[in-house]
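Worksheet: the structure to be examined is printed underneath.
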Amino acid sequence: MKIHRLKTRILLAFLAIIFVLGVSIFALGFYVIKEDIYARAKRQVGHYLDSARTVYSSEIERIGNALELVDLNSDLTVLQQKIGLDYLYRVEVEEAKTGPSEIVRACVEQGKAIGGTR
């Protein structure tokens, strides 16, 4: 009878040690994933988004500078190719005042060049 009791106690002790070690390893793994891998990925995505935002803003600025330097009364196809745009349209002032684009309306109202994103 005592032999079974000793075996049971040893078995329970080993199970308790395995359980404690398992929980500890799980907690350590969870902490490492959360604090190291997840945080690093979040920082990297933020860095990539900042870089993309900078590139996008500089492209908007480049287009604005190019439009200030060219003759806007010349052929639109030639201007489009020179500036490197996918599309380029000329809008009359009266049409621009009532157009759907708030950027174009602001440009007409303020009387100066404005660039931006809708």
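Brief remarks on what is shown
- Residue count for region 44-76, restricted to those that are within 23 Å of VAL108 (Cα to Cα) and of a type outside the set (Gly, Ala, Ser): 15
- Inside region 51-78, residues that are of a type in the set (S, T, N, Q) and within 18 Å of TYR89 (Cβ to Cβ) make up a count of 3.
- Between GLU95, GLU68, the distinction of being among the charged types (D, E, K, R) and touching a residue at least 40 places away in the same chain (Cβ under 8 Å) belongs to GLU68 only.
- Within region 59-71, tally of residues that are under 18 Å from ILE103 (Cβ atoms) and surrounded by 10 or more Cβ atoms within 10 Å (Cβ to Cβ): 9
No lab work stands behind these numbers, since they all come straight from the coordinates. All of these numbers come straight from a predicted model, not from anything done at the bench. A quick note on method: Cβ atoms are made from the backbone with ideal geometry, for glycine too, and the neighbour counts reach across all protein chains shown.
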